[in-house]
Amino acid sequence: MTKQAYHFSLKLFDEHNHTTWFDGELESEHVSQIQVGNHAFINLIDIHLKESIACGSRVSYDLSVIDEQGNKLAISQVCEDLLYPEQSFPSFVMSRKISRVLHGSCRKPHHNSTDGLVIVDKQINQALKGETQAPNLLIMSGDQVYADDVAGPMLVAIEQTIQQLGLFHEDINGAEITNSSELFQHPHGYYKRPELLPDTEDTENTYTQFFGGKKKPIFTSVNANNHLISFAEVIAMYILVWSPEMWSKVNISDQSIPDEFKDLFKREQTAIEQFAQGLTKVRRALAHIPVYMIFDDHDVTDDWNLTRGWEEAVYQDQFAKRIIGNALLGYWLCQGWGNTPAKLKPLFDNCIQHFTAECIIEHDQLVDKILDWEHWGFHLDTHPKVVVLDTRTQRWRSESSLTKPSGLMDWEALCELQQELIGQKSVIMVSAAPVFGVKLIETIQRIFTFFGKALTVDAENWMAHKGTASVMLNIFRNRKTPPNFVILSGDVHYSFVYDITLRFRQHSPQITQITSSGIKNEFPDALLRWFDRLNRILYSKVSPLNWFTKRRNMRVQHRRPQGQKVRTLLNSPGIGLLEIDENCDSVQATQLCVSGEHIRFKKHQD
C-alpha cells in the first residue's frame, strides 16, 4: 500500500549469474491500483515474463516508486529493515519442484504467545546463510486475521489509522448509526458492539433453539465485543497485522474505553505491543518467500455460512450482509488478490468502478458483487500440484433443517476438485478444516447437532454433512486420483498428523494429513489433554466405535509428537514444516514452536 498513486519501476535479476529477466517502468497492464482512502492506494503488480526463470534460481528484485518529478526511490531504501544482513536487495527462490513448505493458520494478534510468523523470518535468514534449505512456499490456511475478535488496543489503533490515512467511510442503513464515521464516538463503539450488530425478529425465530430462547444478535461469535463493521476498519486491520509502519504513528490510550473494560484493555495492550514488535521480522519474511492464503471464518466472522439458517438470517438483513461483504472485500484486496491475479482480474474489472478518489460509490452493489464471486479456490502448477480449497462460499446446504451444518463444499465444487486431481502422481491439498478430524470431537459435535446446537460447538467438519463426506471419501477411493496425497489444514488450534490408507484395497493411496494450528493461538490445554486421552481410549484401532464413523473403511494411524509416549495432539503455537521427496513417497512433518522447540511427528515404525 502507498500513500499516493505512484508509478513504479521494477528490476528482476540474479545477482550472482548476472541474469536480468525484467527491467523497466511498469505500465498500466502491470499494475492494478485501487484507492481506499485519501492517502491509501492498494497496488497489485503482475508481471508476465517473456523468458521463464529456471527452477531453483534466487530472484532479487529492485522495486522503486516514481514521484511526479520522475525521481525514483527504492522500496529497500524506504524500508531498510526489509533486508537481511549482507543483502543489497530482497530476493526469493523460484521453485516449481516443491520439497519444503511452511504452513499454518489462526493468527490472533492478542493471543498471549509469540507470533509464529517470526519463525518464518528465522528460517529464511538461516537459508540465506546456507545453514538450511530455503522453504519453497508459505501457505496460510485460514484465520490470518480475526475480524470478529478484536482487542480494544487494536481497535484504538484502527481508529487512528483510519483518521491518518483518510480511509473512506460509508453510509449504513438498518443500523443505529447512519455512517461508519460515527462508530468510535458511539457509546457502544468499544467493547459493546453486540449492541450495534444487527438483530431481527426472524433471528429470534431461527436461533431460539440454539440459545435457549434468549434473543441473540445475528453474529454468533462469543468474542464479538469489538467486531469490525466498516470497510475502513477492515482495511486498517490488515495494515496493522501485516506491517509495522502505522504502529509508530499511533498512540494506544484507554481514554475512550469505558471504565469497566480498562483492566481488560491493559491486559490486551501487553499482548498487542508484543505482537507489534514482531511485525518488522514478519514483513521481512513475507518479502522473501512466495506466500499463498485462503480464508476461513474468522477472516470474516465466526460460523460464516455454517448452516442454512445462519445464511438466511444474515443475507436477508442489509446491515449484516454489509458487514460480511466488507470483510470479504478486505480479504480480496489484501490477501486473495495475490494468489491468482489473472483469475481474479474479471472481479477487479467488475468492481473498480465503485472506487473513486473521494469515496466508494454504490457500496451495496459492490458488496453484492463480492458475495456473488465463486472463484476463490485456486491451484498452483508446481510439482507436486498444490490445490487450495474454498470451503466457505460453495457450501452444500441442508434441505431438511435450518440447524444442520452445511457441507464444506457442494457437489459441483467437489466434482471440479476431482477433475483437478485426475492424472496427478501426487498432490498437496489445502483445506482450512482437517478432512480427517479427531473422532471424539466430531462425535461431540454430532450430538450437539442432533439437538439443534451446531453453532454452540462450531460443528464444521468434513464428516458433518452426509453428502459432502461421501463425495470426498469417494474421491480418495477413485483409482484415477493421485496415489499420494498430502493434506495441509489448520482451524482447530492444535496440531496433529495422520497417515491414512484404505482398508480392503491392495494398492491404497497414501494420504498424510498435517494439521498445524495455530500460528498465534492455542486450545485450552487441560481440555485438550482430556480429549486426547478419551479419543485414544474410545477410538483405538480395536474399538467397535470406529464402525459408526463415516470413514470406517479407512485405516487412520496417528503420528506421535517427538518426546510423547502416548499423546497425539500437540498444543503449541508455531509454524508447520512439511518436507517431501519428489512424489510424496516420503513425508516428514515438524512443528516449529514459538518456544524454540522443533517437534517432529514420528511414525510408529520410526
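Trypsin sites (Lys or Arg not before Pro), restricted to segment 41-131: which are DSSP loop and have at most 13 other Cβ atoms within 10 Å?
LYS50, LYS129
Restricting to Cα pairs below 8 Å that are 6+ residues apart, what does the relative contact order work out to for the chain? Please round to a whole percent.
15
Compute the normalised compactness of segment 352-470: alpha-carbon radius of gyration over 2.2 N^0.38 Å, N being the residue count.
1.32
Run the simple label-point estimate for ASN173 and ARG555 please: 7 Å along Cα→C-beta, distance reported in nm.
Output for this residue pair reads 6.1 nm.
For the chain, return all DSSP H helices satisfying: extent of Cα atoms along own axis at least 18 Å; mean Kyte-Doolittle hydropathy at least -0.5. Before the final figure, lay out the partial values.
Working: long enough: 152-165 (20 Å, 0.56); 262-277 (22 Å, -1.03); 318-334 (24 Å, 0.64); 525-538 (19 Å, -0.04).
Qualifying helices: 152-165, 318-334, 525-538.
Could you give the accessible area per residue of the chain, probe 1.4 Å, as a whole number in Å²? Let's see the in-between values first.
Values: 25740 Å² over 606 residues.
Result: 42 Å² of accessible area for each residue.
Taking the dipole about the Cα centre of the chain, with the C-beta of Lys and Arg at +1 and of Asp and Glu at -1, give me whichever of TRP396, GLY576, GLY338 is farthest to the positive side.
Most positive-ward Cα: GLY576.
Can you give the local net charge around GLY142? Use residues other than it whose beta-carbon is closer than 10 angstrom to its beta-carbon, Lys and Arg +1, Asp and Glu -1.
Neighbour charge sum, excluding GLY142 itself: -3.
So how long is each side of segment 544-606 along the principal axes, counting just the alpha-carbon atoms, biggest first, in Å?
Computed over segment 544-606, the largest-to-smallest principal extents equal 40, 30, 21 Å.
Tally Lys and Arg at +1 and Asp and Glu at -1 over the other residues with C-beta under 15 Å from the C-beta of LYS425: what net charge comes out?
Local charge sum for LYS425: 0.
Any idea what % of Cα-Cα pairs in the chain are farther than 33 Å?
Looking at the chain, the distances longer than 33 Å represent 44 percent of pairs.
So, in nm, how far is label ASN583 from label ARG477 when the simple model puts each one 7 Å beyond its Cα toward the Cβ?
Once both label points are built, they end up 2.5 nm from each other.
Mind giving me the nanometre distance, one decimal, between the label points for LEU371 and ASP525, set 7 Å out from Cα along Cα→Cβ?
4.3
Quick check: with the 1.4 Å probe, what order do VAL542, VAL492 take by accessible area, largest first?
Ranking VAL542, VAL492 by accessible area, largest first, yields VAL542, VAL492.
I'd like the carbon and sulfur percentage of the solvent accessible area for the chain, probe radius 1.4 Å, heavy atoms only, ligands and nucleic acids excluded.
Solvent-exposed carbon and sulfur of the chain make up 48 percent of the total.
Dipole size in debye (nearest 20) for the chain around its Cα centre, Lys and Arg Cβ +1, Asp and Glu Cβ -1?
3660
Cβ under 9 Å from VAL556's Cβ, VAL556 left aside: what net charge do those residues give with Lys, Arg +1 and Asp, Glu -1?
Around VAL556, the charge tally is +3.
Nearest 500 deg cm²/dmol is fine: what mean residue ellipticity at 222 nm does the chain get from its DSSP H runs of n ≥ 4 alone, each adding -39,500 (n - 2.57), divided by its residue count?
-8500 deg cm²/dmol
The values are calculated or read from the model by the stated rules, or taken from the named source; none is laboratory data. Treat the numbers as computed from the prediction; the structure is a model and nothing was measured. Glycine also receives a Cβ, built like all others from the backbone with ideal geometry; neighbour counts cover every protein chain displayed. Heads up: the accessible areas ignore ligands, DNA and RNA and are worked out on the full protein's heavy atoms, side chains in. Shrake-Rupley method; radii C 1.70, N 1.55, O 1.52, S 1.80 Å.
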